[in-house]
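This report concerns only the one structure given below.
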Amino acid sequence: MLKKKKILGQDDIRKRTEELGQQITADFKNLDDLILIGVLKGSFVFMADLMRSISLPLQIDFIRVASYGKNHTSSETITLTKDVEISVEGKNILLIEDIIDTGLTLSFLKKYFLDQKVKTVQVCTLINKKERRKVEIQADYTGFEIADGFLVGYGLDYAEQYRHLPDIYQLEMNHEHE
């Protein structure tokens with residue numbers, strides 16, 4: 001098992017998620033066509049908590065893309081592996097991400113949804129790592145800014161492990177796992 005150091009506790013995550021839900025509620029209060037689209041698999045825990053903090057009628061769906069595989073760095077190739085199942089044309093989309101790192105996945109998804117003639121595409125991320133950006137992309141709603149380190153827990157994984165942890169940890173990586 002890899003060594004891990006706690007970065008964010010579940011109480012801090014819950015409090016910030018509730019604050020984001022209140023902000024999103026205020027910002028979208030005059031709309032009746034909001035769709036939360038979670039980017040699988042990592043966002044599902046955050047999205048479940050976030051949607052319960054949003055006091056608005058909304059729809060949810062999921063999309064899945066592949067870019068990491070079993071590595072801890074992005075392959076920089078984005079592949080759509082599961083599309084949304086509800087119509088998004090003319091709707092306001094809020095993409096829910098667990099973490100924005102290089103920005104390549106979100107850049108791909110924003111363009112993908114804009115090509116489907118949505119009204120707006122905004123982004124809500126639990127964790128924003130601006131230092132690793134390879135493309136210019138901004139989150140409209142950010143839970144936490146974290147500089148670096150490979151993070152797991154609360155939906156975040158390493159090779160499909162650690163998603164179940166209620167807190168967020170930084171893994172201490174060594175070369176045998178790269």
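For the range 1-35, taking the residues that are without any contact (Cβ under 8 Å) to a residue 60 or more places away in the chain and aliphatic (A, V, I, L, M), the one that is nearest to S87 (Cα to Cα) is identified as I35.
Taking the range 129-149 as the range and being over 13 Å from the mean Cα position of the chain (by Cα) and surrounded by 18 or more Cβ atoms within 10 Å (Cβ to Cβ) as the test, the residues that pass are I137, I146. If you scan the range 1-49, which residues turn out to be in a strand (DSSP E or B) and surrounded by 14 or more Cβ atoms within 10 Å (Cβ to Cβ)? Scanning the range 1-49 gives K4, I7, L8, L34, I35, L36, I37, G38, V39, L40.
Here T81 meets each of (1) at pLDDT 90 or above; (2) more than 22 Å from L50 (Cα to Cα); (3) assigned to a loop (DSSP other than H, G, I, E, B) with one exception, condition (3).
When restricted to residues that are in contact (Cβ under 8 Å) with a residue 40 or more places away in the chain and over 12 Å from the mean Cα position of the chain (by Cα), the range 86-111 contains 7.
When residues in the range 136-175 are screened for being in contact with a helix residue (DSSP H, G or I) (Cβ under 7 Å, 6 or more places away or on another chain) and modelled with pLDDT under 90, 3 of them pass. Note on the range 30-52: residues that are over 27 Å from Q161 (Cα atoms) and at pLDDT 95 or above amount to 2.
The values are calculated or read from the model by the stated rules, or taken from the named source; none is laboratory data. It should be emphasised that the depicted structure is a prediction, and the values quoted were computed from it without experimental measurement. FYI the Cβ positions are ideal-geometry reconstructions off the backbone, even for glycines, and counts take in every protein chain you see.
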